[in-house]
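The values are calculated or read from the model by the stated rules, or taken from the named source; none is laboratory data. Since the model is a prediction, treat every value here as computed from it, not as a measurement. Cβ placement follows ideal geometry from the backbone for every residue including glycine, while neighbour counts extend to all protein chains displayed. What goes into the accessible areas is simple: the full protein's heavy atoms, side chains included, and nothing from ligands, DNA or RNA. Shrake-Rupley method; radii C 1.70, N 1.55, O 1.52, S 1.80 Å.
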Amino acid sequence: MQTKPPTQLPRDIEWRLPRHARSVGRARHLFREQAASWALPQEVAETAELLLSELMTNAYRHAKTPAGREIWARAILTRDRLRVQVTDASDVLPAPRTASSEEESGRGLALVEMLAGEWGAEPRQEGVGKVVWFELGLGSPKSPTAPAGTWAAPRKP
């Protein structure tokens with residue numbers, strides 16, 4: 001029997017992971033556990049897990065930073081939204097691109113752009129690096145806060 005989570009909002013959790021390929025799967029696992037404890041709608045949880053994986057992969061592969069730097073993943077749940085953000089030590093802001101049909105990669109941000117209600121990237125206010133984030137609504141398909149892919153076009157970074 002699943003118990004309902006406490007109603008106190010917002011709920012916020014952060015994971016600090018090494019800049020390593022294994023951290024992508026670890027972040028997915030940690031998020032999946034948290035999504036279950038928050039009783040997120042399945043569609044929202046699955047979409048968020050996919051998009052988190054894309055942002056973590058980008059941070060691992062493309063953030064050319066000194067050894068020992070971490071990647072931070074954070075999930076913030078409010079009454080009607082889930083915000084997920086990934087922070088790395090690179091100052092280079094990501095931009096979606098169109099990958100050719102022959103390329104094996106290069107579609108991650110296009111997925112984020114297509115599936116997230118909103119997304120963006122900005123320099124960290126507290127120091128070195130950047131934050132890349134996305135938001136998904138938790139409402140019904142007819143509401144303006146519906147899950148990914150059911151309402152307004154994503155915001156460009």
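Given a 1.4 Å probe and the protein chains as shown, His62 ends up with an accessible area of around 120 Å². For the set Leu111, Leu30, the ranking by accessible area, highest first and with no ligand, DNA or RNA atoms included, is Leu111, Leu30 under a 1.4 Å probe.
Give the calculated FRET efficiency between Ala21 and Val128 to the nearest 0.05, with a Förster radius of 22 Å applied to their Cβ-Cβ distance.
The computed FRET efficiency comes out at 0.50.
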